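What follows draws every value from the coordinates through simple rules; no lab data is involved. A quick note: this is a predicted structure, and the numbers were derived from the prediction, not measured. As a convention, Cβ positions derive from the backbone with ideal geometry for all residues, glycine included, and neighbour counts pool all protein chains shown.
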Amino acid sequence: MNTTYARLELLRTTRDFVSMFFVAILPAFFFIIFGAAQDFGDERFGNGNVTMYIMVSMAAYGAVTATTGIGGMAAVERMQGWGRQLGLTPMGDGHYIAIKALVSVAIATVPVALIYALGYFTGADGTWQAWLLSAIVVVAGATLFALWGLAFGLAFRSEAAVSAASGSIVILAFLGNIFFPLSGTLLTFAKLTPLYGYAGLARYPITEGELANQGTGPTEHDALWVPLLNVGVWTLILAVIAVWLVRRSRGRQ
């Protein structure tokens, strides 16, 4: 039962062309435009080059878009009656959540695989450790944002809320130092946003904490604890919000 349901969920998600476009094709396009097509892509940066730095950033953006959407739809499905249908089967809540988590990880690997493949053939260069560790962190860390989508779905109970959650990732990506290097006050604010720590950890095997800039000032550096603390705090915040929203929704029933 669980294997069959996981397969059907995976097929259903991958057949949604609009969702897969925003999850995989759009981030890949961003990588080509902002990374592979730029003359400065071959410049060395830490344990890789600039093209690899941008490759990891765009892969992270795509992976987070995937897990946010799946987390949000999981909440909406449960509240719109799908939970009662599943209650007629031997599948419990734990299995349902586990399957959704598995599907979210599987879908998150799609943009990562596509963008890393494009990077390999368009000049991304780095140590094998940087390639491997960054890919692992991008996929594993993206699961945090299933909680982001879950919170939106539980709070607003509609598919429009899921679209809003996925759309908010674009804003968070700008604020989280993913699309272009920030500095000054914007950088200080960025360190408080949820995507900053995740992206910083994903790029850490390349940068070792060195922050990219636009050549307008001295290079800044983040100790490893900075992105780790950001991820830890946001995981706790989103988990608490999700639990509170689940209890509130049960109270309304």
| task | Would you mind ranking R203, R12 by Cβ crowding within 10 Å, fewest neighbours first? | result | R12, R203
| task | Work out which GluC sites (Glu not before Pro) in the chain are exposed loop sites (DSSP not H, G, I, E or B, at most 13 other Cβ within 10 Å) and give the longest gap free of them. | result | 44-207
| said: At a 10 angstrom cut-off on C-beta neighbours, averaged per residue, how do the peptides 121-127, 164-170, 150-156 rank from highest to lowest? | reply: 150-156, 164-170, 121-127
| task | Quote the relative contact order of the chain in percent (integer), defining contacts as alpha-carbon pairs under 8 Å separated by 6+ residues. | result | 24 percent
| request: Would you compute, from DSSP H runs of 4+ residues alone, the mean residue ellipticity of the chain at 222 nm, taking -39500 (n - 2.57) per run and dividing by the full residue count, rounded to the nearest 500? | output: -23000 deg cm²/dmol
| Net lengthening on full extension, A223/Q38 (0.36 nm per residue, minus Cα-Cα) | 63.7 nm
| said: Suppose R0 equals 35 Å. What FRET efficiency, 1/(1 + (r/R0)^6) with r the Cβ-Cβ distance, do S168 and L11 give to the nearest 0.05? | reply: 0.80
| remark: Counted neighbours (other Cβ, 10 Å), sorted fewest up, put W128, W148 in the order W128, W148
| field | Against the rule of thumb 2.2 N^0.38 Å, how large the Cα Rg of the chain comes out | value | 1.03
| note | Any residue on another chain or 5+ positions along whose placed amide H is under 5 Å from the amide H of E210 is listed here as D222
| For Y196, Y61, Y116, what's the fewest-to-most ordering of other Cβ within 10 Å of each Cβ? | Y116, Y196, Y61
